[in-house]
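The values are calculated or read from the model by the stated rules, or taken from the named source; none is laboratory data. Just so it is clear, the model here is predicted, and its values are computed rather than measured. Here the Cβ positions follow ideal geometry from the backbone for every residue, glycine too, while neighbour counts run over all protein chains shown. For the accessible areas, the whole protein counts, side chains as well, though only heavy atoms, and no ligand, DNA or RNA atoms are used. Shrake-Rupley method; radii C 1.70, N 1.55, O 1.52, S 1.80 Å.
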Amino acid sequence: MGATHLPSTEFDGTDMDDQLEAEAEAQLGAPPEPMVQLLGPDGSLGSDPVFSKYAEKLDPDALRGFYADMAKIRRFDVEATALQRQGQLALWVPLTGQEAAQIGSGRASQPQDYIFPTYREHGVALTRNVDLAELLRQFRGVSNGGWNPKDTNFHLYTLVLAAQTPHAVGYAMGIQRDQKLAAANAVDGGEPGQPEEPKAAVMVYFGDGASSEGDVHESMVFASSYQAPVVFFCQNNHWAISVPSSVQTRIPLANRAKGYGFPGIRVDGNDVIAVHAVTEWALEQAREGNGPVLIEAFTYRVGAHTTADDPTKYRGSDEESLWRAKDPLDRLEKYLRAEGLADDAFFEQVRADGDELAAYVRKTTHDLETPDIRTAFANTYVEAHPLVAEELAWFEEYSAGFADEETPAPAPATEARSAAAEPEITEAAN
Amino acid sequence: MTTMTIAKAINEGLRATLTNNPRALLMGEDIGALGGVYRVTDGLIADFGADRVVDTPLAESGIIGTAIGLSLRGYQPVCEIQFDGFVFPGFNQITTQLAKMHSRSNGNLTVPVVIRIPYGGGIGSIEHHSESPEALFAHTAGLRIITPSNPHDAYWMIQQAVDCQDPVIVFEPKRRYWLKGEVDTQTPGASADPFKAHVLREGTDATVVVYGPLVPVALAAAEAAAEDGHSVEVIDLRSISPIDFDTVTASVQKTGRLIVAHEAPTFGGIGGEIAARISERAFHSLEAPVIRVGGFHMPYPVAKVEEDYLPDIDRILEALDRALAY
């Protein structure tokens, strides 16, 4: 069966992939899992037998916080897109439309959890207290990372699709071993009075496009085999650059989990309350030793894949309009206003905070310093390496040859390791 | 001093690592109850348990990818790839992730993963079981590559690989797994630095640089040359990334002639790199062009003709004759 026979995501006003689900049911003889939704596009709160109790735990502050985070990250996204258009960033990866999926899931994680993002998880980064200006280092071309993952348990972005998914499972296998070692130490007497470490889990993000990569399959096999405490969080934003999700899968992605032997949940990815509830449940499952969970957040990338992309070439504006009607911010605003949980002053303040963040990001982007290539020499290997030392020495000598010219050779980076540099040559470069 | 095979020496080295380093663990297909297809991990699961000798699903990318994750959590995994030709499903994880994690994190993260790969031909096996892909990995910055040629090195180098904070690939010469030799398990002696080449035989007329499976071949060739009155120096490179060019350069400055031999195809191989570097470093010492002896530019051939493919004593002697003719 060729691609032309696959179901299209060009939907006709019915629910997003009814067609896909109907086909799956017809072909596989099993109904798809229903999609979890608590907060509808009209701002009304529904109920769910499993997940409503998680939603009930959210107080008004938490709900207002969700809104503020979503608004902030959308404003950040607009600013970063503008910076790219002005030539300040080499590329930008917009997230608009996916705020609920990211804020809802990120806010469900605990500080001891470790998060592996792909490269669009700016909202998750916000919830992990990553300085958003640091996210731009990679896109400005001054770093291949930009932040220290150890500070926030938020890993670096990974550009090779799905490569981070086995890393997440391995990290989770490490958590399992740490817990066993801690338990063994406790039995051995351990150190009395030490507070017990909070149980941790791992969450890994990937998209519907990445779900086709072999690494997703292998990581799910490993996660299932070892019952690793990992939550696979798939943001199905419907488009892998220009290829629709229907070319990635013939069944709802969440249903794939059954084949690996762990729960798969499809959640309305534009419903921040449902995403939060489902993720909190999944992370609890993982932390308590019940194994992995796959969450498919059914959402939509409203803009381009990246700023290098032109979505008008492969999809219709009607599709985008239908999804805008399901906007995650609008529906939470409706709910907050209807319930009297937020007023004009709150929304004004959120806007002001967003503008302040945008101004900060704009300024810090301009101020990002170009690194000295000596930092790359220093960080290729952990331990001293003769080839790196030889090439660095050559570079220093070469640079020193320009010392008398108008543009001085760059000063050696403080990070450059002395083990890799000949002192007299370094001096000559100065 | 104890006499053991290379396979047993690696086994004992892994045992010492697992005993001394509670963060070390082994991962791979069939490495548990079976003890690996070459029995290199024989008996380890019985002593260290399934959490430290991990029989994995059959998935090379999964093995290396999860090892990266374990190392990010502070563990030091040693992955076994069953055969050289099966490393390629894991190539992406090795070259785009493992090799670059330290660099792209600006030095904040280390991933001290070890990957063991039985490599090379000469065992009469079938497709994908006899390849020498070391140059493909040596070209990638961020990786270190070593290859032992004798049991003493094998015992120490595997432990040194685990101790190293950089990712290390250990190419194990599978046709030498049953080569016996003395191992000093108390002290590494001259093997203390796994990245340093060893001069195994001194000579004055020419230098032969080899590593891994070809070391005994080169030594035998040097012996044969001596009978013809030629004094040949033999260097076991031991480390393919980095390469100990100082030792090779010093030798060439003494002998004036260099032959590099490996099983991998000559084109684009390690031999070419050594030839180029030595021509830069010791051009005026060279009495002849550097001559490479290696495999042909073809997929590793079927076992029935692999003897025509693999460099042997005569191929090295033929290269020596050419070098001496200048």
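Summary table below
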| quantity | calculated |
| --- | --- |
| Over 21 Å between alpha carbons, listed pairs A:150/B:100; A:150/A:199; B:180/B:304; B:8/B:180; A:72/A:334; B:180/B:254 | B:180/B:304; B:180/B:254 |
| For the stretch B:29-72: rounded, prolate or oblate by the Cα gyration tensor [a/c cutoff 1.5] | oblate |
| Proximal aspartates and glutamates relative to residue A:313, as straight alpha-carbon distance under 19 Å, when same-chain residues fewer than 8 apart are discounted | A:10 |
| Percent accessible area from carbon and sulfur atoms, the protein assembly as shown, protein chains only, probe 1.4 Å | 52 |
| Reachable aspartates and glutamates, given that their alpha-carbon falls under 20 Å from the alpha-carbon of residue A:180 and they are not under 8 places away in the same chain | A:113, A:188, A:191, A:196, A:197, A:284, A:288, B:47, B:51, B:55 |
| Residues of the stretch B:121-148 buried by at least 50 Å² on assembly (accessible area, 1.4 Å probe, chain alone as reference) | B:144 |
| Cleavage-rule hits, trypsin sites (Lys or Arg not before Pro), the stretch A:165-265, DSSP coil, Cβ neighbours within 10 Å at most 10 | none |
| Net charge, residue A:160 excluded, C-beta distance under 15 Å - Lys, Arg +1, Asp, Glu -1 | 0 |
| Most fluctuating residue given options B:141, B:99, B:221, as computed from a GNM of chain B linking Cα atoms under 10 Å | B:141 |
| Calculated on alpha-carbon atoms, Rg and Dmax of the protein assembly as shown in Å | 29.3, 100 |
| Surface accessible to a 1.4 Å probe, residue A:234 within the full protein complex, Å² | 0 |
| With Cα atoms, 0 to 90° folded angle of helix B:270-281 axis to chain B main axis | 60 |
| Karplus-derived HN-Hα couplings along the stretch B:54-64 (A = 6.51, B = -1.76, C = 1.60, θ = phi - 60°), whole Hz, x at Gly and Pro | 9, 6, 9, x, 7, 6, 5, 5, x, 4, 6 |
| Scaled radius of gyration (Cα, divided by 2.2 N^0.38 Å) that chain B gives | 0.98 |
| GNM top mover of B:46, B:138, B:24 - chain B, alpha-carbon springs below 10 Å | B:46 |
| For the stretch A:385-403 and the stretch A:319-359, distance of Cα centres in Å | 54 |
| Computed accessible area, residue A:280, all protein chains, 1.4 angstrom probe, square angstrom | 40 |
| Solvent-accessible surface (1.4 angstrom probe) belonging to residue B:34, in square angstrom, nearest 10 | 80 |
| Volume in Å³ per residue [convex hull over Cα atoms, computed for the stretch A:55-114] | 103 |
| Solvent-accessible heavy-atom area per residue, rounded to whole Å², over the stretch A:134-231 at 1.4 Å | 39 |
| Ranked order, B:178, A:239 - accessible area, probe 1.4 Å, largest first | B:178, A:239 |
| Accessible surface, 1.4 Å probe, highest first, among residues B:8, A:72 | B:8, A:72 |
| Average Cα contact separation per residue, chain B, under 8 Å, 6 or more apart, as relative contact order % | 16 |
| Residue-averaged [θ]222 nm for chain B, counting only DSSP H segments that reach four residues, each worth -39500 (n - 2.57) | -9500 deg cm²/dmol |
| The stretch A:253-281 and the stretch A:141-173: distance between their alpha carbon centers, rounded to Å | 22 |
| For residue B:115, residues with placed amide H under 5 Å, excluding near neighbours | B:79, B:168, B:169, B:170 |
